[in-house]
Amino acid sequence: MLLGETMATVARRNAAGRDAGPGEATAAALVPSRPSLPRLREAAAGCRACPLWERGTQTVFGEGAARSDVLLVGEQPGDKEDLAGKPFVGPAGQLLDRALEAAGIDRRRTYVTNVVKHFKWEPRGKRRIHKKPDAREIRACLPWLAAEIAAVQPEIVVCLGATAAQALLGGSFRVTRDRGRLVASPLAPRTLATVHPASILRMPDEASRQAELSRFIDDLAAAARALG
Ligand code: URA
């Protein structure tokens, strides 16, 4: 389910000017050729390539400047994002904003998105509890991310957490082992992975939260340095 392969599929289809053939993801058939971000967002709003659209309030497409240097990829929208229709606006997003600032990355030079564009959840009482997307849901959604990366053409892609890192860099990628290091990929001139900000919020006490936040800022600062 590597994103590089999906990018190649979308590019091939667009070059040929035809719809997706048998075996190609349904979302790939919806991606307009030579798409701008507004056209992509509009097309993705009607995506039903996997069953998640039935439970989510709306497609939560990426957001940010069309020519951002830094493209950040999370896992999927959470409860707040699902309701707002915007990525990373909840607690994890607020922590991400603070960490970006501390790392010297101007939020206005970033584009923020997710591997999966619908909120996957299960009810627990009155609450909607986040559930990890499965491989099929990730694969179905990847054409949107491929098209976003192709449209934004970032200098660096930053994967936030294991779901994003493994979808983009392969199942054997380990964030614990390889975080904060530049890795080669066909996605952008530079790619780097770090933890998901939500994992910092889940730390059991303030001291470990602060320690993890500081490592997260270090990883983002490595991305900033790579930009020069
Ligand atoms: N977590 C994510 O991975 N993405 C969001 O947009 C919010 C929380």
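Relative contact order, whole percent, for the chain stands at 24, derived from Cα pairs under 8 Å and 6 or more residues apart.
Leaving out ligands, DNA and RNA, what percent of the accessible area of the chain is carbon and sulfur, probe 1.4 Å? Summing carbon and sulfur atoms, their accessible area is 52 percent of the total for the chain. Computed about the Cα centre, the dipole magnitude for segment 87-228 is approximately 480 debye when only Lys and Arg (+1) and Asp and Glu (-1) carry charge, each at its Cβ.
Projecting the Cα positions of GLY93, PHE216, PHE119 onto the charge dipole of the chain (unit charges on Cβ atoms of Lys, Arg, Asp and Glu, taken about the Cα centre) puts PHE119 furthest along the positive direction. Each residue, SER199 and GLU63, gets one label point 7 Å from its Cα in the Cβ direction; the gap between the two is 2.5 nm.
For segment 7-226, lysine pairs with C-alpha atoms less than 17 angstrom apart, excluding pairs fewer than eight positions apart on the same chain, total 11. Ranking THR59, THR26, THR110 by solvent-accessible area of protein heavy atoms (1.4 Å probe, all protein chains present), from largest to smallest, gives THR26, THR59, THR110.
Computed with a 1.4 Å probe over protein heavy atoms only, the accessible surface of segment 7-226 comes to 47 Å² per residue.
Placing a label point 7 Å from the Cα of LEU182 along the Cα-to-Cβ direction, the residues of segment 69-95 whose backbone N falls under 16 Å of that point are 69-71. Restricting to segment 7-226, what percent of DSSP beta bridges are antiparallel, rounded to 5? Approximately 35 percent, going by the DSSP bridge assignments.
The values are calculated or read from the model by the stated rules, or taken from the named source; none is laboratory data. This structure is a prediction, so every number in the text was calculated from the model and none was measured. Glycine gets a Cβ as well: all are built from the backbone with ideal geometry, and neighbour counts include every protein chain shown. Accessible surface is based on the protein model in full, side chains and every heavy atom, while ligands, DNA and RNA are left aside. Shrake-Rupley method; radii C 1.70, N 1.55, O 1.52, S 1.80 Å.
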